[in-house]
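> First the structure, then my questions, so here it is.
Every read-out reported here was derived from the displayed coordinates using simple, explicitly stated rules and does not represent laboratory data. Quick caveat, the model's predicted, so the values are computed rather than measured. Because the Cβ atoms are built from the backbone with ideal geometry, glycine has one as well, and the counts that use them run over all protein chains shown.
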Amino acid sequence: MKVGRIFYFDAAHQLKDYKGKCENLHGHTYKLEVVVSGDISSEGMVLDFSKLKDIVNREIIEELDHKNLNEIFEQPTAELIAMWIFDKLNKAIEEEKLNVRLAEVKLWEGKGKWVSISNPP
């Protein structure tokens, strides 16, 4: 079974070696969907939503919210940010031994534009 939670953060960035509006410094309200999968425990849950919130806030939101993403990423495209988020969360979830696995990270860069990365089923 899969469970997920949605988060939001605001950040600025500009794309290097890009011709177009995104070469200029600008900001987005990013929407982040994190999905984990696992079996239902004896408590009747795959994972407590508050535990997922704690992990994502600690590992991702505190790192990216209200930041200039160019100070964190060499090229802060939605694709590369999503890969970084996926790798960080995958490691954190494994280290916490929660009996779930990261299934998918979906990152919206503003409204209507998103990228997704997932573990194979």
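> For the chain, report the translational diffusion coefficient in µm²/s to the nearest whole number, using Stokes-Einstein at 37 °C, 0.692 mPa s, and a Kirkwood Rh over Cα pairs. All intermediate terms of the calculation are to be shown ahead of the outcome.
Values: Rh = 15.0 Å.
Reported coefficient: 218 µm²/s.
> Taking loop as defined by DSSP and a crowding limit of 16 other beta carbons within 10 Å, which GluC sites (Glu not before Pro) in segment 1-90 fit?
Sparse-neighbourhood loop GluC sites (Glu not before Pro): E43, E74.
> Tell me, which longest segment in the chain has none of the trypsin sites (Lys or Arg not before Pro) that fall in DSSP loops with at most 16 further Cβ atoms within 10 Å?
The longest such stretch corresponds to 20-96.
> Additional query: Return F49, F73, F7 ranked ascending by Cβ neighbour count within 10 Å, so the fewest neighbours appear first.
Values: F49 12, F73 15, F7 18.
If I rank by nearby Cβ atoms, fewest first, I get F49, F73, F7.
> Further, regarding this structure: What are the residues whose amide H is under 5 Å from the amide H of W114, where those residues sit 5 or more places off or on another chain and H is modelled from the backbone?
Amide H neighbours of W114, under 5 Å, 5+ apart: E109.
> Could you compute Rg(Cα) / (2.2 N^0.38 Å) for segment 16-84, with N its residue count?
It is 1.48.
> Could you tell me the relative contact order of the chain? Use alpha-carbon pairs under 8 Å, at least six residues apart, and round to a whole percent.
The normalised contact order for the chain reaches 31 percent.
> Semi-axes, largest first, in whole Å: what does sqrt of 5 times each Cα gyration tensor eigenvalue give for segment 52-121?
21, 15, 11
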